[in-house]
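Engineer: Here it is, the structure, as structure tokens.
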Amino acid sequence: MYIPRWGGSLDRVSDDVAHEPFPSCSPPLVRLEIEGDGPGGVVLRGEVDASTSWGLARALDDPDIVRLDCSGVTFFGGAGIRVLLEAARDRRLVLRCPSAAMMRVLTAAGQAGEFAIEH
């Protein structure tokens with residue numbers, strides 16, 4: 001079995017190594033922490049991507065959540081944009097202190113204007 005490396009070359013890997021199961025004690029590679037921030041608000045810390053966006057979606061299932069403190073977001077991917085846009089269909093979301101990483105993605109996707117931004 002051949003597995004390409006990110007350098008583009010191919011290395012020969014034995015089937016034993018290639019099919020070895022992942023250890024069950026591995027820590028998560030991506031982490032997102034969500035905490036309450038008074039009535040109507042939550043604080044986000046960590047990475048919002050396809051593997052963590054479900055947690056953000058669950059928090060935003062509560063229609064009373066309208067304010068997100070995003071100062072601790074270190075990575076923000078397309079899955080996060082999708083979750084925010086879905087939640088913004090029925091309310092105006094306020095993004096407080098969005099990190100540079102988050103603003104870069106929202107701006108590049110042309111979606112920054114969909115939310116009220118507080119710095």
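Bear in mind that the values in this text are calculations on the coordinates, not laboratory data. Keep in mind that what you see is a predicted model, and the values were worked out from it rather than measured. As a convention, Cβ positions derive from the backbone with ideal geometry for all residues, glycine included, and neighbour counts pool all protein chains shown.
Engineer: Around residue 93, with a cut-off of 9 angstrom between Cβ atoms, what is the net charge of the other residues, counting Lys and Arg +1 and Asp and Glu -1?
Structural biologist: +2
Engineer: Calculate, in nm to one decimal, what residue 116 and residue 94 gain on full extension: separation in residues at 0.36 nm each, minus their alpha carbon distance.
Structural biologist: Between residue 116 and residue 94, full extension yields 7.5 nm more.
Engineer: Then there's this: Considering amide H positions built from the backbone, and no H for Pro or chain starts, which residues 5 or more places from residue 32, or on another chain, come under 5 Å of its amide H?
Structural biologist: Close amide H contacts, sequence-distant or interchain: 47.
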